[in-house]
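Worksheet: the structure to be examined is printed underneath.
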Amino acid sequence: MTDPVIADRSPIGVDVVAGRTYWWCTCGRSTRQPFCDGTHNPTQFKPLKYVAEQTGQVWFCACKHTATAPLCDGSHRGLAPEEE
Ligand code: FES
């Protein structure tokens, strides 16, 4: 399995609505980050379903290396520096 693309090195805050379903992009290739736009086809990645428990802002992972997907766990801070 290949690694996901790092879409961004900081999380993306989104105002979600309780009970609503969101599809988090796991591959990092979507142009609608942090959500899936179908670009993962034909990779092995599939979007991850997230149902908001409460209305309010949540921080979705954009580096795609979080261990608490789809939400940020701070893993972006441990990524190797970007190549210049
Ligand atoms: S575009 Fe990344 S999972 Fe769908």
In terms of the Cα gyration tensor, with a ≥ b ≥ c the square roots of its eigenvalues, is the chain rounded because a/c is under 1.5, prolate because a/b exceeds b/c, or oblate? oblate
Give me the number: length gained by fully extending A80 to T55, i.e. 0.36 nm times residue separation minus the C-alpha to C-alpha distance, one decimal in nm. 5.6 nm
Relative to a virtual label point 7 Å from the Cα of L48 in the Cα→beta-carbon direction, which members of region 61-84 show backbone nitrogen distances below 12 Å? 61-75
Proxy exposure order for E53, E82 (fewest C-beta within 10 Å first) is E82, E53
Could you work out the relative contact order of the chain, using alpha carbon pairs under 8 angstrom and six or more residues apart, expressed as a whole percent? 35 percent
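Each value in this text was obtained by applying a stated rule to the coordinates, not by laboratory testing. All values reported here derive from a predicted model rather than from experimental measurement. Every residue, glycine among them, receives a Cβ derived from its backbone with ideal geometry; neighbour counts consider all protein chains shown.
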